[in-house]
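Following: one structure in structure tokens, then a few remarks.
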Amino acid sequence: MSKKILIADDEIHIVQIVKFNLEKRGGYKVITAKNGEEGLQLAKEEKPDLVLSDVMMPKMSGFEFCQKLREDPNIKDTPFIILTAKGQESDIKTGEDIGATDYITKPFSPKALLNKVEEILGE
């Protein structure tokens, strides 16, 4: 059975590129959310094997999303990769502090992202 990945990002073109690569090249089942609030709800319902999230989103930031996911005992161990244009040291440190598994800055290579996903999921 293919592993399930949740993408939370309000930039639809980023979602489409990442979703296409993960489904076509990686064989993953991909579900999407357009903000952190929707992402958290989907994470609770779908229990994905991995979450990819932007930081700057409406309703709830990716940092808040990761924090709230880590507080929920049913999904707290879900690997969480932050995908963002915010690449300053302070942002990366915030990601580490809230328990993000990895932090990838945009623009990124879809192949490098797929390799990171496979590494984290042990594929």
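Evaluated with a Cβ-only charge set (Lys, Arg +1; Asp, Glu -1), the range 4-116 carries a dipole of roughly 460 debye about its Cα centre, given to the nearest 20. In terms of surrounding Cβ atoms within a 10 Å radius of their Cβ, SER53, SER61 rank from fewest to most as SER61, SER53. Scoring 18-31, 36-49 by mean Cβ neighbours within 10 Å over their residues and listing the highest first yields 36-49, 18-31.
With a 10 Å radius around each residue's Cβ, average the other Cβ atoms per peptide and rank 105-111, 78-84, highest first.
Values: 105-111: 11.9, 78-84: 22.4.
In descending order of packing, they fall as 78-84, 105-111.
Couplings 3J(HN,Hα) for the range 87-94, derived from phi with the Karplus relation 6.51 cos²θ - 1.76 cosθ + 1.60 (θ = phi - 60°), are x, 6, 3, 5, 5, 4, 4, 4 Hz, where x marks Gly and Pro. Each residue of the range 106-121 was assigned a 3J(HN,Hα) from its phi angle through the Karplus curve 6.51 cos²θ - 1.76 cosθ + 1.60 (θ = phi - 60°); the sequence is 8, x, 10, 7, x, 5, 5, 5, 4, 4, 5, 4, 5, 4, 5, 7 Hz, with glycine and proline shown as x.
For a straight C-alpha distance cut-off of 12 angstrom, the aspartates and glutamates reachable from LYS59 (same-chain residues fewer than eight places away being disregarded) are ASP9, ASP10, GLU37, GLU38. Using C-alpha pairs below 8 Å separated by at least 6 residues, the relative contact order for the chain is 23 percent.
Once the other residues with Cβ under 10 Å from the Cβ of ARG70 are scored (Lys, Arg +1; Asp, Glu -1), what is the net sum?
Numbers: positive: LYS68, LYS76; negative: GLU71, ASP72, ASP77.
Once positives and negatives cancel, what remains is -1.
When a/c reaches 1.5 or more, the comparison of a/b and b/c decides; with that in mind, is the chain rounded, prolate or oblate per its Cα gyration tensor?
Details: a/c = 1.35, a/b = 1.13, b/c = 1.19.
It comes out rounded by the Cα gyration axes.
Proximity of backbone amide H atoms, modeled 1.01 Å from N, is registered between ILE7 and ILE31, THR32, ALA33, LEU52 at under 5 Å, excluding neighbours fewer than 5 places apart on the same chain. Pairs from the list LYS4/LYS76; LYS68/LYS93; LYS24/LYS68; LYS19/LYS47; LYS24/LYS76; LYS47/LYS86 with a Cα-Cα gap above 24 Å: LYS24/LYS68; LYS24/LYS76; LYS47/LYS86.
Applied to the range 65-71, the Karplus parametrisation 6.51 cos²θ - 1.76 cosθ + 1.60 on θ = phi - 60° returns per-residue 3J(HN,Hα) values of 4, 4, 4, 5, 5, 5, 7 Hz, with x for Gly and Pro.
Readers should treat all values here as calculations from the given coordinates under stated rules, not as data from a laboratory. Here the structure is a predicted model, which is why all the values come from computation and not from measurement. Cβ atoms come from the backbone with ideal geometry, glycine included; neighbour counts cover every protein chain shown.
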